[in-house]
């Protein structure tokens, strides 16, 4: 009788096997992801994501940054959008990391969530800071509110 499996033991074995299968599946799929998406270093999770608690418009901006598909100059040039604005109101090209590099967002630097010691000055630093923000979607939403980037600076 003592050697028979228990319900709790069966659940533990099932969770271990499921986690292993999910990890193998993600490893196979992750190899096919774009280099831009791989930069974010996101892991595969089955539980509800905290991003889904964001307002829809904020989630749109978060997903556009992650995938680099959105109101960016390379995207408009690729799809031949003749009427698209290719530059920010500061005069720089619209890129995903420009949200952290724009001179107009730096005016509110002291209010940035998880702010670095100095504002990002190049693409690599901008992406690293965005990684920190994307890791905590509530900080990303606060960043958008503080800088008013999409509402006043980076309009379509």
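The values are calculated or read from the model by the stated rules, or taken from the named source; none is laboratory data. Just so you know, these numbers come straight off a predicted model, no measurement behind them. FYI the Cβ positions are ideal-geometry reconstructions off the backbone, even for glycines, and counts take in every protein chain you see.
Within the range 36-47, can one find any residue that is in a helix (DSSP H, G or I), within 30 Å of residue 144 (Cα to Cα) and free of Cβ contacts under 8 Å to residues at least 12 places away in the same chain? Walk me through it before giving the result.
Quick first cut of the range 36-47, residues in a helix (DSSP H, G or I) only: 36-38.
From the residues that got through so far, the ones that are within 30 Å of residue 144 (Cα to Cα) too are 36-38.
Right, trim to free of Cβ contacts under 8 Å to residues at least 12 places away in the same chain and you get 38.
Yes: the range 36-47 contains one or more residues that are in a helix (DSSP H, G or I), within 30 Å of residue 144 (Cα to Cα) and free of Cβ contacts under 8 Å to residues at least 12 places away in the same chain.
Between a first residue in the range 98-114 that is closer than 18 Å to residue 138 by Cα and a second residue that is outside any helix (DSSP H, G or I), which pairs have beta carbons less than 7 Å apart while being 6 or more apart in sequence or on different chains?
So the pair list comes out as 100/120; 109/115; 109/119.
Given the conditions (1) under 22 Å from residue 70 (Cα atoms); (2) surrounded by 10 or more Cβ atoms within 10 Å (Cβ to Cβ), and given that residue 32 satisfies all but one, which numbered condition is not satisfied?
So the condition that residue 32 fails would be (2).
Could you please find all residues in the range 136-155 being touching a helix residue (DSSP H, G or I) at 6+ places or on another chain (Cβ under 9 Å), farther than 16 Å from residue 55 by Cα and part of a loop (DSSP other than H, G, I, E, B)?
The one that is touching a helix residue (DSSP H, G or I) at 6+ places or on another chain (Cβ under 9 Å), farther than 16 Å from residue 55 by Cα and part of a loop (DSSP other than H, G, I, E, B): 154.
For the range 110-127, how many residues are closer than 20 Å to residue 68 by Cβ and either under 17 Å from the mean Cα position of the chain (by Cα) or surrounded by 15 or more Cβ atoms within 10 Å (Cβ to Cβ) (or both)?
So in the range 110-127, the residues closer than 20 Å to residue 68 by Cβ come out as 120, 122-127.
Subset that is either under 17 Å from the mean Cα position of the chain (by Cα) or surrounded by 15 or more Cβ atoms within 10 Å (Cβ to Cβ) (or both): 120, 123-127.
Result for the range 110-127: 6.
Scan the range 42-53 for residues that are surrounded by 10 or more Cβ atoms within 10 Å (Cβ to Cβ), farther than 20 Å from residue 127 by Cβ and modelled with pLDDT of 80 or more and jot them down.
Those that are surrounded by 10 or more Cβ atoms within 10 Å (Cβ to Cβ), farther than 20 Å from residue 127 by Cβ and modelled with pLDDT of 80 or more: 49, 50, 53.
For residue 21, work out the one condition from (1) at pLDDT 90 or above; (2) exposed (fewer than 12 other Cβ atoms within 10 Å of the Cβ); (3) outside any helix (DSSP H, G or I) it doesn't fulfil.
The failed condition is (3).
Quick grid of which residues meet (1) touching a strand residue (DSSP E or B) at 6+ places or on another chain (Cβ under 8 Å); (2) surrounded by fewer than 13 Cβ atoms within 10 Å (Cβ to Cβ); (3) under 30 Å from residue 24 (Cα atoms):
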site: 40; (1), (2), (3): no, no, yes
site: 68; (1), (2), (3): no, no, yes
site: 74; (1), (2), (3): no, no, no
site: 83; (1), (2), (3): no, yes, no
site: 90; (1), (2), (3): no, no, no
site: 108; (1), (2), (3): no, no, no
site: 144; (1), (2), (3): no, no, no
